[in-house]
């Protein structure tokens, strides 16, 4: 019961903070700009469609590119929102002294951590889903294209958000707010570098592969993004690419021709479960 | 004072001291707080050093000491915010870690910091819910505690607009929302104006009269004297003395005597009356005279007049907290 009270309180608090409202307003602005640019770009594409030998493929290429890039933007924005909103979820309360009258109440400390986690998980999951569907909805409105496996792709994005939330949940029980934020940002931004280097390299390197695996274990967000990108590409595109020997060309820093390996997916799920548990154990023993 | 040695033989530390009468009469009473061999070390710093203490149900107990004496650390251990390095603590007969114990305890920290976006009513509703209160009972209790702390009519005001004193009051309201059996207060009146201080003291006296146990941390003598049945003096993490305030603070009656001039004859006659006297360093016309009986005050007035001096002041002099500390420490050293 205490857990649900804390979760509700966390949601109320988030909406009373200017931070969330400011981020939502900026997102609205960004979506408006995106809609205008999408409209202009697609109008330009249509104007040149007559010059193409394969107009359908020409338009599909545009639809796919804008679809993947917009969902990538949703992935980045939800990651940024997760970090900004949750870096101080525990540490800021400790630093401000607001926990003294809450922790002394008849509830377990773990309920406070899991309650806060639950509150933020609900907010961020809804936020991610809204961004995802708004971007894809705008694309559908203008081009008529909607990815056939949108829901599995959204699942990957949601899991990525929960992975980051798990990281900041643990971090805020161990580190001061700013340090926790710096760690989360460095890991979130740094994670794709490993796959960038690996994909740019022309000769396969075992070392690079091992480092990428290690990075994915430390912070699986980039692996989950690549898993999401796989679902954003229609299956017949993979078929055509394979027929023409171009399948490797779809392996880019932004896209993948393979779904996320089941072991890595399982690790990401365990990551979401165990990091907050470790955070709760740490908080249980912490002097306030 | 305890009949035991002033020093714990094992540790060499001052032993927890109970005034004999209180201990005897309290033998059959239930404890509110039981602290045994409590020690807290923050990295290398010893904040609390082998404290043992018992307070009783319905008793208002004062914890008096200067800043940095270890008072707040003890309170944080009592409320479960800090884990002891060593020793045991029982609150209302149970470990504070149990949810059931916490349900019966109210706590106001030294520097109450609350979520400023909350309205006063919502703040109390949240804390009431944390205690398991719901519905009409909670609504009624919110109205009651707001009235008790003098904030009736402020239900819809955001805490961010509250003054320091109002925050202290709403903090006390959340500590009382569950009708606690034990209320633990850390420097209650620090943010209050004189009227607020008086109101809070009166409120605590009412709570005590209703049977609520009070554990009051303070560095203000006036607070503990007005409210508390017994007081512990703590310094550098150790309890120096425990007893009733009157016993601790008024053991020596010292009169401040101010006259127009101090003659040799006056000093000789006061000495002849076997009065311990001391000349004040800051005022050549002022004497500090220790008396054993109240009638000696009248004798002093007679002697002053008899010597032809004019008496300007003849008033009891209260010892400052600092003087009480020094006296207590000196007494312990002499006892050794």
Within region B:129-138, track down each residue that is surrounded by 15 or more Cβ atoms within 10 Å (Cβ to Cβ) and either in contact (Cβ under 8 Å) with a residue 60 or more places away in the chain or out of contact with any helix residue (DSSP H, G or I) (no Cβ under 7 Å at 6 or more places or on another chain) (or both). B:131, B:132
Given the conditions (1) free of Cβ contacts under 8 Å to residues at least 24 places away in the same chain; (2) farther than 28 Å from residue A:251 by Cα, and given that residue A:189 satisfies all but one, which numbered condition is not satisfied? (2)
Here are some residues: A:237, A:269. Which one is surrounded by 12 or more Cβ atoms within 10 Å (Cβ to Cβ), touching a helix residue (DSSP H, G or I) at 6+ places or on another chain (Cβ under 9 Å) and over 25 Å from residue A:166 (Cα atoms)? A:237
Candidate set: region B:81-101, residues that are within 9 Å of chain A (Cβ to nearest Cβ), in contact with a helix residue (DSSP H, G or I) (Cβ under 7 Å, 6 or more places away or on another chain) and under 29 Å from residue B:143 (Cα atoms); chosen: the one surrounded by the most Cβ atoms within 10 Å (Cβ to Cβ): B:81
Meets criteria (in contact (Cβ under 8 Å) with a residue 40 or more places away in the chain and in a loop (DSSP other than H, G, I, E, B)) for residue B:262: yes
Flag if residue A:170 is under 12 Å from the mean Cα position of the chain (by Cα), under 24 Å from residue A:10 (Cα atoms), assigned to a helix (DSSP H, G or I) and touching a residue at least 40 places away in the same chain (Cβ under 8 Å): no
Output the number of residues of region B:102-137 satisfying the condition of being within 8 Å of chain A (Cβ to nearest Cβ), within 21 Å of residue B:80 (Cα to Cα) and in contact with a strand residue (DSSP E or B) (Cβ under 7 Å, 6 or more places away or on another chain). 4
Do we find a residue being in a helix (DSSP H, G or I) and within 14 Å of chain B (Cβ to nearest Cβ) anywhere in region A:29-49? no
Matching residues in region A:11-28 (touching a helix residue (DSSP H, G or I) at 6+ places or on another chain (Cβ under 7 Å) and within 11 Å of chain B (Cβ to nearest Cβ)) number 1
Out of A:255, A:212, sole residue that is in a loop (DSSP other than H, G, I, E, B), in contact with a helix residue (DSSP H, G or I) (Cβ under 8 Å, 6 or more places away or on another chain) and away from every other protein chain (no Cβ under 14 Å): A:255
Taking residue A:36, is it within 23 Å of the chain's Cα centre (by Cα) and farther than 27 Å from residue B:130 by Cα? no
Could you tell me which residue of region B:40-52 is surrounded by the most Cβ atoms within 10 Å (Cβ to Cβ), considering only residues that are on the phi < 0 side of the Ramachandran plot and more than 14 Å from chain A (Cβ to nearest Cβ)? B:51
Quick check: anything in region A:102-123 closer than 20 Å to residue A:158 by Cα, touching a residue at least 60 places away in the same chain (Cβ under 8 Å), crowded, with 23+ Cβ neighbours inside 10 Å and within 14 Å of another protein chain (Cβ to nearest Cβ)? yes
For residues that are outside any loop (DSSP other than H, G, I, E, B) and either more than 10 Å from chain A (Cβ to nearest Cβ) or in contact with a strand residue (DSSP E or B) (Cβ under 7 Å, 6 or more places away or on another chain) (or both), tally how many sit in region B:56-80. 13
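Readers should treat all values here as calculations from the given coordinates under stated rules, not as data from a laboratory. Quick caveat, the model's predicted, so the values are computed rather than measured. Don't worry about glycine lacking a Cβ; one is built from the backbone with ideal geometry, like all the others, and counts go over all protein chains shown.
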